[in-house]
Amino acid sequence: MAAHDELTDRQALVDLTVAYSYALDDRRFDDLDDVFLPDATAELGRHLEGRDAIKDRIRDALVPLDVSQHLVATHEIRVDGDRATGRCYLQAQHVRTGPDGPTLLMVGGRYEDRYVRTTEGWRIAHRALVVLWTNGDPAVLGA
Amino acid sequence: MAAHDELTDRQALVDLTVAYSYALDDRRFDDLDDVFLPDATAELGRHLEGRDAIKDRIRDALVPLDVSQHLVATHEIRVDGDRATGRCYLQAQHVRTGPDGPTLLMVGGRYEDRYVRTTEGWRIAHRALVVLWTNGDPAVLGA
Amino acid sequence: MAAHDELTDRQALVDLTVAYSYALDDRRFDDLDDVFLPDATAELGRHLEGRDAIKDRIRDALVPLDVSQHLVATHEIRVDGDRATGRCYLQAQHVRTGPDGPTLLMVGGRYEDRYVRTTEGWRIAHRALVVLWTNGDPAVLGA
């Protein structure tokens with residue numbers, strides 16, 4: 001029973017990270033309302049306070065792109081009652097298409113998360129993106 | 001119990017996508033008989049009707065290669081009784097080795113699937129490959 | 001019950017592979033004591049006998065690097081009582097940073113594993129790395 005509950009919780013927490021990826025890549029930013037707590041914090045290149053600030057930051061980064069793909073894998077999750085921590089690896093491809101064809105920037109990194117169980121399910125309370133490497137043209141992200 | 005059944009179904013559906021990858025990359029194309037319904041359809045660069053047409057298409061694409069690797073991750077699955085839908089991200093590396101060494105073409109994309117539960121287990125009823133980006137030499141796939 | 005036990009075992013086996021990745025990339029090599037049997041064997045470029053030899057090999061390969069990222073996904077696992085076999089795909093990024101910036105070598109491959117259940121949990125009895133492709137500068141790994 002305990003093991004079963006833990007599997008269910010862990011699947012729900014992986015689902016949360018997967019929902020984040022598809023919300024970003026489908027440009028359905030309001031889906032992040034079901035991913036982050038209203039008062040969530042994040043480190044996404046800069047420190048962000050509150051879900052609205054997180055959504056604005058993500059929108060600003062992704063709207064100029066033609067395609068993005070946030071592939072996540074290698075999930076490590078620890079559940080402790082109604083709190084949990086987790087990390088996973090990501091490879092996030094960023095694409096801008098110009099007159100000469102597409103230009104790519106791959107960002108390899110790690111998400112480090114804290115989660116809280118609410119009456120509506122698990123939510124991210126804090127997410128930090130640790131960039132490990134990049135490959136491609138930094139201009140894709142406006143750098 | 002319901003949650004447990006759903007976890008079991010979801011694991012079986014991820015297994016199906018994993019079996020697809022290894023069938024392709026091991027060139028064990030007949031293993032796809034346990035992955036697709038006989039009357040399955042697919043969009044793999046072109047519209048395909050029936051498992052045999054799907055197998056032929058995959059065989060034609062992969063046999064000329066020296067190596068392929070269909071890494072899949074970021075699985076989103078929704079089970080509804082004996083039907084399910086799912087999507088996942090893939091990074092498919094394609095390699096041809098010539099006198100000057102290997103030439104690579106990475107294809108980044110998404111599989112969008114519909115599944116059906118049969119008496120022998122879950123099967124893919126429809127799979128669409130959505131290519132999001134490529135990186136490398138298009139000649140690897142004969143383009 | 002049987003299905004539930006199998007899900008728990010499979011999650012534990014994926015966890016083992018994930019723990020391996022983070023032990024390597026965090027340079028916490030002694031965490032591998034909880035991953036491999038003391039008399040484990042491995043094929044990591046060369047044949048290795050015993051956990052200490054495996055740890056030495058990994059340490060020698062990774063300590064010279066500035067960053068590594070062993071992303072694993074696409075897990076195929078078969079449990080048979082207190083034994084199991086598994087394989088997964090990896091994309092392992094290797095980074096050295098010099099005066100002109102970072103140099104990258106990505107290694108794409110497959111881990112092929114045999115596992116044993118012990119009183120302390122599942123452990124890797126044998127791991128073989130099959131390299132499928134590389135992309136980047138081989139000098140990053142000293143080749």
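Look at B:VAL67 and say whether it is hydrophobic (A, V, I, L, M, F, W, C) and under 30 Å from C:THR8 (Cβ atoms). Talk me through it step by step, then tell me what you get.
Values: hydrophobic (A, V, I, L, M, F, W, C): yes; under 30 Å from C:THR8 (Cβ atoms): no.
So B:VAL67 fails the test.
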### Task
Say whether the condition of being within 29 Å of A:ASP9 (Cα to Cα) and modelled with pLDDT of 95 or more is met by at least one residue in the range A:97-108.
yes
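Here are some residues: A:ASP9, A:ASP80, A:ASP60, A:ASP15. Which one is over 30 Å from C:THR17 (Cβ atoms) and of a type outside the set (Val, Ile, Thr)?
On the way: A:ASP9 fails: over 30 Å from C:THR17 (Cβ atoms); A:ASP80 fails: over 30 Å from C:THR17 (Cβ atoms); A:ASP15 fails: over 30 Å from C:THR17 (Cβ atoms).
Being over 30 Å from C:THR17 (Cβ atoms) and of a type outside the set (Val, Ile, Thr) holds for just one of A:ASP9, A:ASP80, A:ASP60, A:ASP15, which is A:ASP60.
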## Note on the structure
Filter the range A:86-116 for residues that are more than 17 Å from the chain's Cα centre (by Cα) and farther than 17 Å from A:SER68 by Cα; the one that is farthest from the other protein chains (Cβ to nearest Cβ) is A:PRO99
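Let me confirm something: among B:ASP5, B:ASP31, B:ASP9, which residue is within 13 Å of chain C (Cβ to nearest Cβ), part of a helix (DSSP H, G or I) and closer than 24 Å to B:GLN93 by Cβ?
On the way: B:ASP5 fails: closer than 24 Å to B:GLN93 by Cβ; B:ASP9 fails: closer than 24 Å to B:GLN93 by Cβ.
Just one listed residue meets the conditions, B:ASP31.
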### Message
I'm told C:ARG57 meets every condition in (1) assigned to a strand (DSSP E or B); (2) farther than 27 Å from B:HIS94 by Cα except one. Can you identify the failing condition by its number?
### Response
(1)
### Task
Please give the number of the condition A:HIS94 fails out of (1) crowded, with 17+ Cβ neighbours inside 10 Å; (2) farther than 17 Å from A:VAL140 by Cβ.
(2)
### Task
Could you grab me the full set of residues in the range C:97-122 that are surrounded by 12 or more Cβ atoms within 10 Å (Cβ to Cβ) and either charged (D, E, K, R) or not in a strand (DSSP E or B) (or both)?
C:ARG110, C:GLU112, C:ASP113, C:ARG114, C:ARG117
### Query
If the Cβ limit is 7 Å and pairs must be 6+ apart or interchain, which residue in the range B:124-138 that is on the phi > 0 side of the Ramachandran plot pairs with which residue that is not in a strand (DSSP E or B)?
none
### Task
Tally the residues that are closer than 13 Å to B:THR17 by Cβ and hydrophobic (A, V, I, L, M, F, W, C), restricting the search to the range B:100-123.
1
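Just for the range C:73-85: of the residues that are part of a strand (DSSP E or B) and over 14 Å from B:VAL14 (Cβ atoms), which one is nearest to the chain's Cα centre (by Cα)? Break it down stepwise before answering.
Quick first cut of the range C:73-85, residues part of a strand (DSSP E or B) only: C:73-80, C:83-85.
Keeping just the survivors that are over 14 Å from B:VAL14 (Cβ atoms) gives C:78-80, C:83-85.
Numbers: C:ARG78: 18, C:VAL79: 19, C:ASP80: 22, C:ARG83: 18, C:ALA84: 16, C:THR85: 14 Å.
Looking at residues that are part of a strand (DSSP E or B) and over 14 Å from B:VAL14 (Cβ atoms), I get C:THR85.
Go through the range A:106-116 and report how many residues are free of Cβ contacts under 8 Å to residues at least 60 places away in the same chain and more than 19 Å from C:GLN91 (Cα to Cα).
Within the range A:106-116, the subset free of Cβ contacts under 8 Å to residues at least 60 places away in the same chain is A:106-110, A:112, A:114.
Checking which are more than 19 Å from C:GLN91 (Cα to Cα) leaves us with A:112, A:114.
So the count comes out to 2.
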### Message
Checking the structure you have, find out if any residue of the range B:18-26 is surrounded by 18 or more Cβ atoms within 10 Å (Cβ to Cβ), polar (S, T, N, Q) and within 14 Å of chain A (Cβ to nearest Cβ).
### Response
yes
### Query
Within the bounds of the range A:125-143, is there any residue that is polar (S, T, N, Q) and surrounded by 21 or more Cβ atoms within 10 Å (Cβ to Cβ)?
no
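On the given criteria, is C:ASP39 loosely packed, with under 15 Cβ neighbours inside 10 Å, assigned to a strand (DSSP E or B), out of contact with any Pro (no Cβ under 6 Å at 6 or more places or on another chain) and of a type in the set (Asp, Glu)? It would help to see each step written out before you state the result.
Numbers: loosely packed, with under 15 Cβ neighbours inside 10 Å: yes; assigned to a strand (DSSP E or B): yes; out of contact with any Pro (no Cβ under 6 Å at 6 or more places or on another chain): yes; of a type in the set (Asp, Glu): yes.
Yes: the conditions hold for C:ASP39.
Taking the condition touching a strand residue (DSSP E or B) at 6+ places or on another chain (Cβ under 9 Å), away from chain C (no Cβ under 13 Å) and free of Cβ contacts under 8 Å to residues at least 24 places away in the same chain, does A:GLU49 pass? Show your work before the answer.
On the way: touching a strand residue (DSSP E or B) at 6+ places or on another chain (Cβ under 9 Å): yes; away from chain C (no Cβ under 13 Å): yes; free of Cβ contacts under 8 Å to residues at least 24 places away in the same chain: yes.
Yes; evaluated as a whole, the condition is true for this residue.
The values are calculated or read from the model by the stated rules, or taken from the named source; none is laboratory data. Everything quoted here is computed from the prediction, not taken from an experiment. Cβ: placed from backbone, ideal geometry, glycine included. Neighbour counts: every protein chain shown.
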